[in-house]
Amino acid sequence: MALTPIDIQNKEFRKGVRGYNTEEVNKFLESISKEYEGVYAEIFELRDKVQRLEAELKQYKQLESTLQQTMVLAQQTADDVKQAARHEAELVLKEAEQEKTKRMSEAQKKLNQVNDEIEDLQKRREMIRTQLKSFLLAQLDLAEAFDKDRVS
């Protein structure tokens with residue numbers, strides 16, 4: 001059973017033959033009662049404060065848990081974004097490589113066409129040269145034959 005300040009104030013002692021001085025006992029009890037009342041009030045205040053602090057602590061722990069979950073989610077999101085960026089970069093590089101290969105192929109094809117045209121033109125030039133030479137030689141022979149006919 002808990003002792004309260006009122007219990008101390010209302011405490012009655014039996015009187016004996018050679019007992020204590022009642023006035024001194026009453027003053028002492030009153031003094032103890034006041035002291036005990038202060039301590040008792042402080043205990044109530046401290047219990048109330050402990051309850052408030054425990055409630056705050058619970059709130060802070062919940063906040064901490066939420067923050068940890070948020071941090072984990074943020075880290076996962078950052079990892080996902082990084083992975084997506086890497087994947088996109090790989091795709092861009094692949095496309096660039098394909099475009100480069102396509103352009104190189106087209107350029108090689110055009111080069112081959114130009115080389116074929118050059119070869120054809122060289123053959124035509126040689127053929128025209130041969131024809132012109134034959135024509136000039138025939139004209140020269142004709143001119144010589146004409147000169148011989150004129151001289152004779």
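When semi-axes √(5λ) of the Cα gyration tensor in Å is calculated for this entry, the matching label among [x] 36, 17, 13; [y] 21, 17, 16; [z] 133, 11, 6 is [z].
Stretching Leu63 away from Gln122 to a fully extended chain increases their span by 12.6 nm, per 0.36 nm per residue minus the current alpha-carbon distance. Exposure here means at most 16 other Cβ atoms within 10 Å; with trypsin sites (Lys or Arg not before Pro) in a DSSP loop as sites, the longest stretch of the chain lacking them is 19-152.
3J(HN,Hα) along the range 136-147: 5, 5, 5, 5, 5, 4, 5, 5, 5, 5, 5, 5 Hz, from the Karplus curve 6.51 cos²θ - 1.76 cosθ + 1.60 with θ = phi - 60°, whole Hz, x for Gly and Pro.
Within the accessible area of the range 21-140, the carbon and sulfur atoms contribute 57%, probe 1.4 Å, all protein chains present. A 1.4 Å probe run over the range 21-140, with the rest of the protein chains in place, finds 95 Å² accessible per residue. For the range 21-140, a simple Cβ point-charge model (Lys and Arg +1, Asp and Glu -1, everything else neutral) yields a dipole of about 1960 debye relative to the Cα centre. Taken one residue at a time, the phi angles of the range 101-114 give Karplus couplings (6.51, -1.76, 1.60, θ = phi - 60°) of 4, 4, 5, 5, 5, 5, 5, 5, 4, 4, 4, 4, 4, 4 Hz. Gly and Pro are set to x. Farthest toward the positive end of the dipole of the range 7-152, out of Val72, Met104, Gln9, is the Cα of Met104, where the dipole comes from beta carbon charges about the Cα centre.
The values are calculated or read from the model by the stated rules, or taken from the named source; none is laboratory data. Just so we're clear, the structure is a prediction, and the values are computed from it rather than from any experiment. Reconstructed Cβ throughout: ideal geometry from the backbone, glycine too, with neighbour counts over all protein chains shown. Calculation scope for accessible area: heavy atoms of the full protein, side chains included, ligands and nucleic acids excluded. Shrake-Rupley method; radii C 1.70, N 1.55, O 1.52, S 1.80 Å.
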